[in-house]
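Undergrad: Pasting in a structure now, in structure tokens, and then I'll have a few things to ask.
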């Protein structure tokens, strides 16, 4: 029964507050109710009124009506704090799965000042403070994420309890634009790409015949063939030879280079590799099922690859309700990736 009531209430709110990146707060979409302190204050006024009637005490009447006027004045002031305020989504953030994605909002006050504002999404809240009349202030609201893909907050709440905390006025913003959540990076094992200069190789190329190698400490997941065992026997230090192709030849980051691995884990491996290549400024390309990004270098190229990893197989949220913590994986895309990983 409670689930049915919540569902109907949510549909009613969604009709009153449609999705938009610009939200003007008016009487149509503003709500106000007493807080716990306000309810206690109202009960106290009722008891004082009953006492004044019972004893016909003019002083009790005076204090009761005076405090009642304060309550009514606080109600008008609390509602006016939000009335005429305009919220605009300036930037839908980007980040990695599991992190808080920052959505930048701009609050523009109308003819009245907006005082003691609190913006929140899920369990995270940010205090905006005082927005002078006719001026704007930007604030970053963190939205939790869990999955790669698109992150569209269902509702961002704005609230005020000024001046006395007896009442709270609130509304919501339901953005259309979605943030982008990159796969969470996981340290990738050493593998050999199945691509050579963008072409599918008939078999994995051996790296042992190259002339240039870079030594680095051994990491969990490295292939035993790459360990310099003679050096380990002499010094006891376990190092790995990271062989490179001819100078100037790009390294390909390949989805198919991790056979037998869950495809979401492959995206996490590729995400880590993209970050590492971006830090070193190395030239690299990215091969995904049905999509190839040509080799390049630089931070802009790394960001483009991360976005491709995030959005591969995902569709932008279009429904009235958004999935919590990000989009889910598309079933058809999951099957396609599984086939690609199996070499079918």
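Undergrad: Take residue 154 and decide whether it is in contact with a strand residue (DSSP E or B) (Cβ under 8 Å, 6 or more places away or on another chain) and either surrounded by fewer than 21 Cβ atoms within 10 Å (Cβ to Cβ) or not in a loop (DSSP other than H, G, I, E, B) (or both). Walk me through it before giving the result.
TA: Values: in contact with a strand residue (DSSP E or B) (Cβ under 8 Å, 6 or more places away or on another chain): no; either surrounded by fewer than 21 Cβ atoms within 10 Å (Cβ to Cβ) or not in a loop (DSSP other than H, G, I, E, B) (or both): yes.
The answer is no for residue 154.
Residue-by-condition table, conditions (1) buried (at least 19 other Cβ atoms within 10 Å of the Cβ); (2) out of contact with any strand residue (DSSP E or B) (no Cβ under 6 Å at 6 or more places or on another chain); (3) without any contact (Cβ under 8 Å) to a residue 40 or more places away in the chain:
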| position | (1), (2), (3) |
| --- | --- |
| 263 | yes, yes, no |
| 268 | yes, yes, no |
| 283 | no, no, yes |
| 297 | no, yes, yes |
| 310 | yes, no, no |
| 316 | no, no, no |
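Undergrad: State all residues of the range 276-302 that are over 26 Å from the mean Cα position of the chain (by Cα) and part of a loop (DSSP other than H, G, I, E, B); if no residue qualifies, say none.
TA: 281, 282, 283, 290, 297
Undergrad: Kindly indicate whether residue 95 is assigned by TED's automatic domain parsing to the domain that holds residue 140, farther than 16 Å from residue 159 by Cβ and within 26 Å of the chain's Cα centre (by Cα). It would help to see each step written out before you state the result.
TA: On the way: assigned by TED's automatic domain parsing to the domain that holds residue 140: yes; farther than 16 Å from residue 159 by Cβ: yes; within 26 Å of the chain's Cα centre (by Cα): yes.
For residue 95, the condition - assigned by TED's automatic domain parsing to the domain that holds residue 140, farther than 16 Å from residue 159 by Cβ and within 26 Å of the chain's Cα centre (by Cα) - is met.
Undergrad: Output yes when any residue across the range 141-151 is assigned to a strand (DSSP E or B), under 16 Å from residue 86 (Cα atoms) and touching a helix residue (DSSP H, G or I) at 6+ places or on another chain (Cβ under 8 Å), and no when none is.
TA: no
Undergrad: Of everything in the range 107-119 that's crowded, with 19+ Cβ neighbours inside 10 Å and out of contact with any helix residue (DSSP H, G or I) (no Cβ under 9 Å at 6 or more places or on another chain), which residue is nearest to residue 23 (Cα to Cα)? Spell out how you get there, then give the answer.
TA: Going residue by residue through the range 107-119, those that are crowded, with 19+ Cβ neighbours inside 10 Å are 107, 109, 114-115, 117, 119.
Adding the requirement that they be out of contact with any helix residue (DSSP H, G or I) (no Cβ under 9 Å at 6 or more places or on another chain) leaves 107, 109, 119.
Details: 107: 10, 109: 12, 119: 14 Å.
In this case the residue turns out to be 107.
The values are calculated or read from the model by the stated rules, or taken from the named source; none is laboratory data. Just so it is clear, the model here is predicted, and its values are computed rather than measured. Counting neighbours? That spans all protein chains shown, and the Cβs are built from the backbone with ideal geometry, glycine included.
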